[in-house]
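> Mind having a look at this structure? Questions to follow.
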Amino acid sequence: CGVAVERVTIPIPLREEGASPSPAKKSARSFRSGKSVVAERMSVIESSGGMLPRHSQWDTTPRSECCETSSGSPTRVLLRCTSGPRAAVNSVYEARDWVLGTNEGHWFGLMSIGGLMLALCTFCWSWVGGNEEYSSSLNDSFWISWGLFFDPGTQTGLPASDPARVRIVAVTFSVCGFVFNLTLLGTVVEVVRSVLRECKEMYSRVSANNHILVLGWSEKTLLLITELLAEEEKATEPRRRCWRQCPTRLCRKRRREVVILAERPAVDMRQDVRMHLRFEGIKANDISYREGNPMDRNELMKVCAPNADVILIMGSNQNARSSDQEIIQTLLALGALPGVTKLKGDVFVEMQSHQTVKVVKTILDSAEGMVGRHLVDRMMVLRAIVPTIGFTYLELVSFRRGNELYITAAPQQVLGTPLREASQLFPEAVICGVIPPSCEGSFGTTELIIDGEHIIARGDQLLTVARSINAASMCRATPARSDPRPPLTPPPMLARAGVPPTPMEQEDGQLLLGPMAAGPKVVLLLGCPPDFPDILECLDCYLASGSVVHILSLKPLDWREETLGRYFGPGGGGFDSTEPNGRFSRIAVRHHIGMPTCPHDLAALPLSDISSVIVLAEKGSDAETPLATDSENLTTVITLRSQLSVTRGTKKCKVVTELLDSKTSQVLERNGSVRQLGSFVYSNAVSTGVFAMAATDKGVYNIMKELLEPDSATGHIAAVPVRDFIRGTEELSFYDLHSRVRDACNGILLGWRRMSVRYPELNPKDKATRVTWTDATGDELILLRPQTTSPTPTPQSGMPNGSAESVLGGDH
């Protein structure tokens, strides 16, 4: 028929045995013009070894050549027209696509249009006859056409006396040339920009050294940046009276650069960080942003990951499993960096599951994994059960609140001095204990000695509570003296020896950290997040026997039992087991199905007997935003308060609400009416603070984790009524109370809480100034108490022995 057919043979996968072969698909269209019969589209013939259907007009290929490869596998045979009317149409389409769809075609089209316009202008100039300066000859016509087309200013050189047709040709082709030149220049600029863009994407990098590298972007990234900059700002603040009182001569350090690598546009990251830091009052300086995949080795090299001082990888709360998987992939990329055998800095990773923490060290030896949510749960429970202690921990884990824990080298003035006397040499810090030089800087256990008779030796480090690293290092040469004025009343006759103080661990196993946790309690949990078994375990640790915990949530009972089983293991006696071999030792758990925002579901609970309420952040789905969860919790606490006012009247009930989004905290700081509804714990901010603390100093993180463990060998932070140390009304300074606490239980005074003030005060500023105290108030002292206490009688406190009454009496 005069139609050429191109044959293309492509192997296809084998079909399973027993499967029926699919029918052959053929499509052809006859052009009834009487010239030829051609295929309109490709005919795809699929076979598995059978005879290829033959067509006398367009296929005479034998079966063995077309339907099988050398290996005998079935093939696809594509028949395509290469000549005829349809082939001509296809060639036209291909030419148009090449001209309009490729860079080479664009240049070809522009040059073709330019050449045609130049030829047309030459012809028109010759046709109109030219003028006196440029005749109608081919040479003159071409030269004036070139000038008119590529230099629009040429037309201004033509005299006005020229004929109208000459001027019309000049103006017309000058305008066309002006448009053509703009298009040509625009194309050139676009090509140059694309080349520069490709070079930038291929060769650009963040040139940094000894920097802080943050990999990934989540709802905690802004909080992490805030903590890092706050810590850097405190570390670089100028020293007061440095050259007179500081033996270490610390100078002002340069702030380390923070580099963020995430799969977000750099402009969006910069805008979000600036808006957030503007509210926090922190300057957004020394921050670099780069858009890229943290799991890509090339992108890691472009942010100088091998030269980073610290690499931080934080997970997301949206989906714990996928978050941990992405972090593990990032660690694999860090471990496979080309030309790098070992990273210069440390890698800190926040995981969502305790099981995956063990994988971190195996993949990357320099990486340290942690689960900050566990510590956050304990702080949140303490905020509801023992509010003073909960607030103390929340302040210590954040660089923005005021006081933090610091580990500094022991200065020359305190070497050879007992810890009891060295505590009065630091006017702007509280010495919590001594860390011997044998402790390693890793995520494990850090030994802390708080014995007052321990002699500080060379190489020892001091754990202090201070507002900055400079304040923690400031040491005077002589101890501070209290106001020489006599007290208002004679010193009380309290015994400090012979009778041991009341232990924190009660007979039933309860860890009693404050008087508010004494006796059985009724606690209400509104919400049931996936980590609610950890919260129940914390409540079982801090509550007395006979306490009851009620849980109200829409989560079904089967899901709750399954979650408890995964956390505690199989068995355990059921939901509310209080048996010795059960899940809980001192509490009974009561489960309720209902909406925490529904007044009727809340009214069905024993609100009149409840002493504490914890509103937990329960997400309806992984796609729910933190802001939506906060809105749900705020609605819950407002509804709960209205119900409590009806059932309890003026009887107080501690309500702690968990919030996630940083924008919610900014709103609440400006809304006093909402803040009066209770205490709010920003769990993402707290977990970020714990993560930043671990990245800044591993030893501080180890000690904080040790203090929050129930079986801590170091000790615990506890709240003690001030009436256990005074009688009547007295004027005592911080150092006076510190001496009495040291004599009574070998503990350390960290601060106090006055009932007339809303929040506790750690590390008071004027420690030598006497303050009026009375035993009629409910004021509390915040102590760091050892696990086992032994009174140390000394005559320094001015309280002679006499009575057999214990200083830490039954009010605990």
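The values are calculated or read from the model by the stated rules, or taken from the named source; none is laboratory data. Note that the structure is predicted; figures quoted are calculated from it, not measured. Quick reminder, even Gly has a Cβ in these numbers, built from the backbone with ideal geometry, and neighbours come from all protein chains shown. Just so you know, the surface numbers come from the protein's heavy atoms only, side chains and all, with ligands and any DNA or RNA stripped out. Shrake-Rupley method; radii C 1.70, N 1.55, O 1.52, S 1.80 Å.
> Using 1/(1 + (r/R0)^6) with R0 = 51 angstrom and r between the beta carbons of V191 and K765, what's the FRET efficiency to the nearest 0.05?
Computed FRET efficiency for V191 and K765: 0.20.
> I'd like the Karplus ³J(HN,Hα) series for the range 641-653: coefficients 6.51, -1.76, 1.60, θ = phi - 60°, whole numbers in Hz, and an x wherever there's a Gly or Pro.
Coupling constants for the range 641-653: 4, 5, 6, 5, 5, 7, 8, 10, x, 8, 5, 6, 8 Hz.
> Show C432, C598 ordered by accessible area, largest first, where the area counts protein heavy atoms only and the probe is 1.4 Å.
In descending accessible area the options line up as C598, C432.
> I need the peptides 714-726, 406-418, 684-696 ranked by packing, meaning the mean over residues of other C-beta atoms within 10 angstrom, with the highest value on top.
684-696, 714-726, 406-418
> Now a separate question. Among 610-619, 456-465, 638-647, what's the highest-first ranking by average C-beta atoms within 10 angstrom per residue?
Listed from highest to lowest mean packing, they are 610-619, 456-465, 638-647.
> Where nothing but the Cβ of Lys and Arg (+1) and of Asp and Glu (-1) is charged, how large is the charge dipole of the range 627-780 around its Cα centre, in debye to the nearest 20?
My answer is approximately 500 debye.
> Based on the mean of other beta carbon atoms within 10 Å per residue, what is the order of 535-545, 196-206, most packed first?
Most protected by this proxy first, the peptides run 535-545, 196-206.
> Got a number for carbon plus sulfur as a percent of the range 585-709's accessible area, 1.4 Å probe?
52 percent
> Step by step: find N for the range 654-798, compute 2.2 N^0.38 Å, then divide the Cα radius of gyration by it. What's the final number?
Compared with the compact-globule rule of thumb, the range 654-798 sits at 1.25.
> A further question follows. In the range 336-483, what percent of the accessible surface is made up of carbon and sulfur (1.4 Å probe, ligands and nucleic acids excluded)?
50 percent
> For a 23 Å ceiling on Cα separation, which of these pairs sit above it: K521/K619; K705/K765; K521/K705; K521/K651; K200/K302; K234/K283?
K521/K619; K705/K765; K521/K705
> Among F391, S438, F426, whose Cα sits farthest toward the positive end of the charge dipole of the range 367-463 (+1 at Cβ of Lys/Arg, -1 at Cβ of Asp/Glu, about the Cα centre)?
It is F391.
> Ok, one more. Just report the Cα centroid separation between the range 339-393 and the range 738-760, whole Å.
A separation of 30 Å, based on Cα centres.
> Continuing with the same structure: Output wanted: per-residue J couplings in Hz (rounded whole) for the range 707-720, from phi through Karplus 6.51 cos²θ - 1.76 cosθ + 1.60, θ = phi - 60°, x for Gly and Pro.
5, 7, 7, x, 9, 5, 7, 7, x, 9, 8, 10, 9, 10
> For the pair L184/Q787, report the inter-label distance in nm, with labels modelled 7 Å from Cα in the Cβ direction.
It is 8.6 nm.
> Report the accessible area of M111, computed with a 1.4 Å probe over the heavy atoms of all protein chains in place, in Å² rounded to the nearest 10.
Solvent-accessible area, nearest 10 Å²: 100 Å².
> Go ahead and run the numbers for FRET between S631 and A284, Cβ-Cβ distance against an R0 of 30 Å, rounding to 0.05.
0.60
> Whole Å is fine, so just give me how far the alpha carbon centre of the range 117-161 lies from that of the range 668-698.
79 Å
> Going by Cα centres, the range 537-558 and the range 404-473 are how many Å apart?
What the calculation gives is 39 Å, centre to centre.
> Test of understanding: extend the Cα→C-beta vector of F123 to 7 Å, then name every residue of the range 131-145 with backbone N under 20 Å from that spot.
In the range 131-145, the label zone of F123 (backbone N under 20 Å from the point 7 Å along Cα→Cβ) covers 131, 135-145.
> With the Cα gyration tensor of the range 165-224 in hand, convert its eigenvalues to equivalent ellipsoid semi-axes via √(5λ) and list them largest first in whole Å.
After diagonalising the Cα gyration tensor, the semi-axes are 53, 14, 8 Å.
> Give the ranking of K555, K358 by solvent-accessible surface, highest area first, calculated with a 1.4 Å probe.
K358, K555
> 7 Å from Cα along Cα→Cβ at both Q643 and D365: what's the point-to-point distance in nm?
5.7 nm
> Something else: Just to confirm, what accessible area per residue do you get for the range 638-774 at 1.4 Å probe, in whole Å²?
Solvent-accessible surface per residue comes out at 35 Å².
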